[in-house]
Amino acid sequence: MKKMILSVVLTIASLSALNAQEGLKGGAYLGIPSGNSTDYFGLNYGVFAAFHYPVFENLHLGATAGVDFFSGKDVPGTNQKFKGFTVLPIGVSGQFNLSDEFFATVDLGFALSLSKDYTGGFFFQPKGGWQNEFVQVFFFIKNISSELDTATEFKNFSSITSIGVGGAYKF
């Protein structure tokens, strides 16, 4: 797992050397799980890097990658605790600038599981928010199609949904 995280850090760091023009951004976010996964996970947080290339005046297409963490919480009615869940989401990204200040983004790809007891799966993450020349502030809804990979009686979710806020610095 240490090698995987080091690989992600090196990949994200190398993105900054690719292009010194606008389009590269890095950020962090904080969210809470919703739906069936709220019994298993308490907090969602992570970091990401994205590059968007302008295709039209207000439409930018590109790629995104990051590390996404879900903290485990106690199973209701038992003295068991679920392990946290870590994924490496890698995907394509499209951003549409509604105006100079407001934008909408959609990320779509695959989330590789870095946790032993969980499967990886597809992820979908729409975002919307405010931006200026240097920063973006956004809200998001994220869905990752993942489930427990081990046999257990508490296996009653097939996807993890999270709602939250985040920010990004535009290089």
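The values are calculated or read from the model by the stated rules, or taken from the named source; none is laboratory data. Everything numeric here is computed off the predicted structure, so don't read it as measured data. Here the Cβ is made from the backbone with ideal geometry for all residues, glycine too, and neighbour counts use every protein chain on show.
Here is a list: Y29, Y53. Which entry is touching a His at 6+ places or on another chain (Cβ under 8 Å), part of a strand (DSSP E or B) and among the hydroxyl-bearing types (S, T, Y)?
Values: Y29 fails: touching a His at 6+ places or on another chain (Cβ under 8 Å).
Within the list Y29, Y53, the selection yields Y53.
Going by the conditions given, is S93 touching a residue at least 24 places away in the same chain (Cβ under 8 Å), crowded, with 17+ Cβ neighbours inside 10 Å and in a loop (DSSP other than H, G, I, E, B)?
Details: touching a residue at least 24 places away in the same chain (Cβ under 8 Å): yes; crowded, with 17+ Cβ neighbours inside 10 Å: yes; in a loop (DSSP other than H, G, I, E, B): no.
Answer is no for this residue.
Give T86, T78, T38 a once-over and let me know the one that is part of a strand (DSSP E or B), of a type in the set (V, I, T) and modelled with pLDDT under 95.
Going through T86, T78, T38 in turn, the sole match is T86.
With respect to F122, determine if the residue is hydrophobic (A, V, I, L, M, F, W, C), free of Cβ contacts under 8 Å to residues at least 60 places away in the same chain and more than 18 Å from A168 (Cβ to Cβ).
On the way: hydrophobic (A, V, I, L, M, F, W, C): yes; free of Cβ contacts under 8 Å to residues at least 60 places away in the same chain: yes; more than 18 Å from A168 (Cβ to Cβ): yes.
So F122 passes the test.
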